[in-house]
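The values are calculated or read from the model by the stated rules, or taken from the named source; none is laboratory data. Note that this is a predicted model, so its numbers are computed, not measured. Ideal geometry is used to build each Cβ from the backbone, glycine not excepted, and the neighbour counts take in all protein chains shown. Note: areas computed on protein heavy atoms with side chains; ligands, DNA, RNA excluded. Shrake-Rupley method; radii C 1.70, N 1.55, O 1.52, S 1.80 Å.
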Amino acid sequence: MSSLTKTSPADAKPRAERGAILFIVAACMVVLLGFMGLAIDLGHAYNNKSQLQNIADACALAGGSALNGETSGILLAESRATDAGNRLSNLTEFNKAQVTVPASAVTFSVSLNGPWYLSGAVPDPATIRYVKVDVPPQTTEVVFAKVIPGIPASLSFGADAVAGQLPLNEV
């Protein structure tokens, strides 16, 4: 009968250690949830940055395709790059928020390295070969990670892209 009343070494813990595992697990859960929130928010921000870069690329390519060496080509390039016809479906935030590219964000140049001119200030339309589009910064909300000290409640991202036409040197 005495063997039934014996305690095992695992049951012989001092009274002060009982329940400590609860606090350890709770602290680890807070840290793990913080990292999970940070991963979700950074993934969201990365997705929005990628969408903005896609918008900049599409607008620059649309504008570059209209360059024809004439003033009418510059105006058409600006219209296409700003998506005046709403054909590019410039959306961000998982395709929920419309992005508008203003005419002041579309510039033109003779060379890839600039100088860049607005459509009304182009010196010679016949020499223009490149279009640059700067998508204005868009705000992305930080949902989970903003409870971590030092993480802002929102982030702003913009994007830019250059497209152009090279002169044909060979047939």
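Looking at the range 82-92, which of its residues are open to solvent by less than 70 Å² (accessible area, probe 1.4 Å) and either hydrophobic (A, V, I, L, M, F, W, C) or touching a Phe, Trp or Tyr at 6+ places or on another chain (Cβ under 7 Å) (or both)? Within the range 82-92, 88, 91 meet the criteria. So, residue 83, is that one over 15 Å from the mean Cα position of the chain (by Cα) and either farther than 26 Å from residue 139 by Cβ or not small (Gly, Ala, Ser) (or both) or not? When the stated conditions are applied, residue 83 passes them. Among the residues of the range 111-131, is any out of contact with any Lys or Arg (no Cβ under 7 Å at 6 or more places or on another chain), open to solvent by 40 Å² or more (accessible area, probe 1.4 Å) and under 19 Å from residue 49 (Cβ atoms)? So far as the range 111-131 goes, no, none of its residues is out of contact with any Lys or Arg (no Cβ under 7 Å at 6 or more places or on another chain), open to solvent by 40 Å² or more (accessible area, probe 1.4 Å) and under 19 Å from residue 49 (Cβ atoms). Of the helices (runs of 4 or more DSSP H) entirely within the range 1-81, those holding at least 2 residues that are at pLDDT below 90 and surrounded by fewer than 17 Cβ atoms within 10 Å (Cβ to Cβ) occupy 2-5, 20-64. Residue 139 - would you say it is outside any loop (DSSP other than H, G, I, E, B), hydroxyl-bearing (Ser, Thr, Tyr) and open to solvent by 50 Å² or more (accessible area, probe 1.4 Å)? Here the answer is yes, as residue 139 does meet what is asked. Restricting the first member to the range 144-163 and to residues that are of a type in the set (Ser, Thr, Tyr) and modelled with pLDDT of 85 or more, and the second to residues that are surrounded by fewer than 18 Cβ atoms within 10 Å (Cβ to Cβ) and in a strand (DSSP E or B), the beta-carbon pairs closer than 9 Å and six or more apart or on different chains are 154/139; 154/141; 156/137; 156/139. Condition check: within 13 Å of residue 59 (Cβ to Cβ) and among the polar types (S, T, N, Q). Does residue 127 satisfy that? Against the criterion (within 13 Å of residue 59 (Cβ to Cβ) and among the polar types (S, T, N, Q)), residue 127 does not qualify. Residues in the range 93-109 that are of a type in the set (A, V, I, L, M) and buried (at least 18 other Cβ atoms within 10 Å of the Cβ) were compared, and the one that is farthest from residue 79 (Cα to Cα) is 99.
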